[in-house]
Amino acid sequence: MTFLMTPAKIDSIIRRYRWWMLGGASLMFLGFKTDGFGVVTGFMAIWFGACGGTFGAWRCDRGLWMLSALFLTIALFCYAGFTYGHISDIIHHRGGIAGMIDLSFGISLLGMQSRFLLTVTASNWKLTHKL
């Protein structure tokens, strides 16, 4: 498995960024009504959609790799923190099954977002430094 996504997958995420954000907002709204189930996944879906909407010109806008690298750094720190917390909760038997499922889906979305940002950063860096 490669860490970089295909350009077709990147374009697909960018085209559907509104749906990611709308779905995430719906999940967060439902999460507040269901005692917190879906809030983490909803927030990560909104963040994923926002990243997709931000990097629409990833193939032609030189220097966009710097913003993508900043977002990637933040996403990787969040990914490490959420994963550590999730594993710690499993080891110490804290939280219910609903919270574990919500956190698992949120972490998987954050991992997909990290791959998206890594691909945008690498591709745009190559474009910027090709002279």
Calc'd 3J(HN,Hα), the stretch 103-108, phi into Karplus 6.51 cos²θ - 1.76 cosθ + 1.60 (θ = phi - 60°), Hz, glycine/Pro = x, comes to 5, 5, 5, x, 5, 5
In order through the stretch 43-58: 3J(HN,Hα) via Karplus (6.51 cos²θ - 1.76 cosθ + 1.60), integer Hz, x for Gly, Pro: 5, 5, 5, 5, 5, 4, x, 5, 5, x, x, 6, 9, x, 9, 5
What are the ³J(HN,Hα) couplings of the stretch 4-17, residue after residue, when phi is run through the Karplus curve with 6.51, -1.76, 1.60 and θ = phi - 60°? Round to Hz, x for glycine and proline. 7, 8, 6, x, 5, 5, 4, 4, 5, 5, 5, 5, 9, 4
How far apart, in nanometres, would the label points at T34 and L70 be if each is projected 7 angstrom from Cα along the Cα-to-Cβ direction? 3.5
Is there a quick way to get the dipole size of the stretch 1-97? I mean about its Cα centre, with the Cβ of Lys and Arg at +1 and of Asp and Glu at -1; what is the value in debye to the nearest 20? 280
Over the chain, relative contact order from alpha-carbon pairs under 8 Å, at least 6 apart, %: 35
Mean 1/r over distinct Cα pairs of the chain, inverted to a Kirkwood Rh in Å, yields 15.5
Using a Gaussian network model of the chain whose springs link C-alpha atoms within less than 10 Å, name the residue from L67, L117, L109 with the highest mean-square fluctuation. L67
Under a crude label model (7 Å from the Cα following the beta-carbon direction), how far is S26 from M112 in nanometres? 1.5
For the pair R16 and I91, the simple spin-label estimate (label points 7 Å beyond Cα toward Cβ) gives in nm 3.6
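A short reminder: the numbers here are calculations on the coordinates, not readings from a lab. Only a predicted model underlies this, so the values are computations on that prediction, with no experimental measurement involved. Heads up, the Cβs are rebuilt from the backbone with ideal geometry, glycines too, and the neighbour counts pull from every protein chain shown.
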